[in-house]
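Here's the structure, in structure tokens; my notes come after.
Bear in mind these aren't lab numbers, they're just calculated from the coordinates by the rules spelled out. Please read these numbers as outputs of a predicted model, since none were measured by experiment. No Cβ is skipped: glycine too gets one built from the backbone with ideal geometry, and neighbour counts run over all protein chains shown.
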Amino acid sequence: MIAFLPMNVAPLIQSHLEKAVQHIADGHQLLAALDIPKQILHKKLLISQKPYEAYRVQHNDWLGPFKGGLRFHPTVDLNEFQTLAYLMTLKCALLGLPFGGAKGGIAVDPKELSEKELEELSRTFVREFFDNLGQDRDIPAPDVNTNPQIMAWMLDEYEKMLGSHAPATFTGKPVALGGSLGREQATGVGGAIVLREYAGKIGKKPQDLTVAVQGFGNVGHYFAQTVSNMGFRIMALSDSKGAIATSQTEGFDIEQILSCKKGKGYLAGCYCVGGVCDIRFGRKIANEELLELPVDIVVPAALENVIHENNANNIKAPIILEMANGPITKEADEMLIKKGVTIIPDILANAGGVTVSYFEWVQGRMGYYWEEQEVLEKLEKKMKEAFGQVWNISHEKNIPLRTASYLLALQRLHMALQLKR
Ligand code: NAD
């Protein structure tokens, strides 16, 4: 175990923290306190006689038990987990959730493991970290390359060791084991609610606004479907195999695209929806071109760092909604702000997922499970509230929405620190 080393946080996050903290009296003391993680755990797991590095960074728990995903990926390291754990602390504080921030996982390519080995690795993680997990201590969830099945194995191992049921110890579980209805679509739907609220504030109707979405996975497809149902016009979509754009004024028919993607497996196969190539269904474009289209809103919903210093000046959209984590580099962020682009930041826009994870934790503790409609109504209330507060701070202080989001999160952490001292 390594303890009391200062957090090693990505320069991008550090620079946003510095900007926000200027608005808090004795804010640098707050940052210094946040710089000390509660605990960094690092262990070696042995599976089929092969060692795997496993980590859990428990950054901060002033507001509640640690909460954050587990990522299985060959390139993960302690630096990445420290940045992600810090971001979870901020995201939970921003949404007013009673959680702190954590992140962890294993340096492994799960595709190289058999299903049996993957299960063994997941169960071994729980055995090794058992003392540090718990519904009131640290609540993991799925992240990159982990899923509800892995959460089910982990919960089962945890409950066997504990000798009793404790479903609230993991979120993102299958619904049959106490997962929440609505969790699957929560991130995409949450982002759509934020966008609709923003449109209202700038006096636009959804129908007035055109959107291009990069990424059509869990987040991108539920986001596109929800904003399209709200009336926004989707002019371009992409996945890892390519992009499609339409020149029809009303935008894509998302239901048609969804059923086409299901059939063909990739979006670029859909520009000829209906069998015959028909211009109404769009044209194929390069993936990079999608970000530079003359639409009102660009939505990166796939990868990190896709908007950087080499393409930031080509972005024509006046609004960017960050559904992916960290899609804009530090340099690009500064260039876009200078150009007058509004950026709705990731810690707000994609917080619907952790919000419904919170609802899953609450339901697990109560032993009473809500219907999907109830979960989605509660999600809407939380997202609207957080957006409204960020909007007000941004206007009162004349600062970008990202700085306002960081500031609101830091103010809540500051208050907790003062009350505890
Ligand atoms: P996913 O794996 O389900 O989907 C990713 C999508 O991105 C796929 O459609 C893939 O084809 C596409 N993609 C990959 N490379 C691409 C490229 N070069 N150009 C265009 N598209 C490309 O992942 P997800 O769960 O939808 O997550 C997407 C992003 O949202 C990630 O940054 C993730 O960290 C973030 N996020 C997800 C959640 C959640 O609840 N799933 C919550 C918060 C943040």
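For the reader, a short list of remarks on this structure follows.
- Most mobile listed residue (Pro174, Pro51, Pro400) in the chain, GNM with C-alpha springs under 10 Å: Pro51
- Partner aspartates and glutamates for Lys111 [C-alpha distance under 18 Å; skip if fewer than 8 residues away on the same chain]: Glu53, Glu119, Glu120, Asp143
- Estimated purely from DSSP H runs of n ≥ 4, each contributing -39500 (n - 2.57), the mean residue ellipticity at 222 nm for the chain is -14500 deg cm²/dmol once divided by its residues.
- Hull-based mean projected area of the stretch 18-91, where the convex hull spans the alpha carbons, in square nanometres: 6.0
- Potential lengthening between Asp131 and Asp208 on full extension [0.36 nm per residue; Cα-Cα distance subtracted]: 22.4 nm
- Test item: Cα-centred dipole of the chain, Lys/Arg +1 and Asp/Glu -1 on Cβ, debye: 460
- Neighbour counting of Cβ atoms within 10 Å sorts the residues His23, His59, His28, His221, fewest neighbours leading, into His28, His23, His221, His59.
- Bridge type composition, the chain - antiparallel percent by DSSP, nearest 5: 50
- Between helix 148-162 and the chain there is an angle of about 20 degrees, using the helix long axis and the longest principal axis of the Cα atoms.
- Charged side chains reduced to their Cβ positions (Lys and Arg at +1, Asp and Glu at -1) give the stretch 105-225 a dipole of some 740 debye around its Cα centre.
- The stretch 256-405: C-alpha gyration tensor shape, a/c 1.5 cut-off, then a/b vs b/c: oblate
- Each Lys and Arg contributes +1 and each Asp and Glu -1, all at the Cβ; summed about the Cα centre of the stretch 1-80, the dipole is approximately 400 debye.
- Taking 0.36 nm per residue of sequence separation and removing the Cα-Cα distance, the Asp109/Asn305 pair yields an extension gain of 68.4 nm.
- Rounded to the nearest 0.05, the FRET efficiency derived from the C-beta distance between Glu159 and Lys43 at R0 = 22 Å is 0.55.
- Listed pairs Lys19/Lys201; Lys103/Lys205; Lys205/Lys316; Lys50/Lys330; Lys204/Lys339; Lys91/Lys339 exceeding 32 Å between Cα atoms: Lys103/Lys205; Lys50/Lys330
- Ordered by the number of other Cβ atoms lying within 10 Å of each residue's own Cβ, fewest first, Tyr369, Tyr158 fall into the sequence Tyr369, Tyr158.
- FRET efficiency for the Arg421 to Leu78 pair, using the beta carbon distance and R₀ = 35 Å, is estimated at 0.75.
- Approximating the spin labels as points 7 Å out from Cα along Cα→Cβ, the Asn313-to-Ala286 distance works out to 1.8 nm.
- Classified by the C-alpha gyration tensor, the stretch 322-369 has a prolate form. Its axis ratio a/c, with a ≥ b ≥ c, is 1.5 or above, and a/b is larger than b/c.
- Inter-label distance, nm, simple model (7 Å from Cα along the C-beta direction), Gln29/Tyr266: 5.7
- Using a Förster distance of 41 Å, the FRET efficiency for Ser247-Ile36 (Cβ separation, nearest 0.05): 0.15
- Nitroxide proxy distance, nm - points 7 Å out along Cα→Cβ at Glu377 and Arg365: 2.2
- Projecting the Cα atoms of Ala404, Ala416, Ile393 onto the charge dipole of the stretch 376-421, computed from C-beta unit charges around the Cα centre, puts Ala416 farthest toward the positive end.
- Global geometry of the stretch 95-182, whether rounded, prolate or oblate, following the gyration tensor of its Cα atoms and the 1.5 cut on a/c: rounded
- Dimensions of the chain along the principal axes, based on C-alpha atoms and rounded to the nearest Å, stand at 60, 53, 42, largest first.
- Counting every other Cβ atom within 10 Å of each residue's Cβ, Ser240, Ser114 order from fewest to most as Ser114, Ser240.
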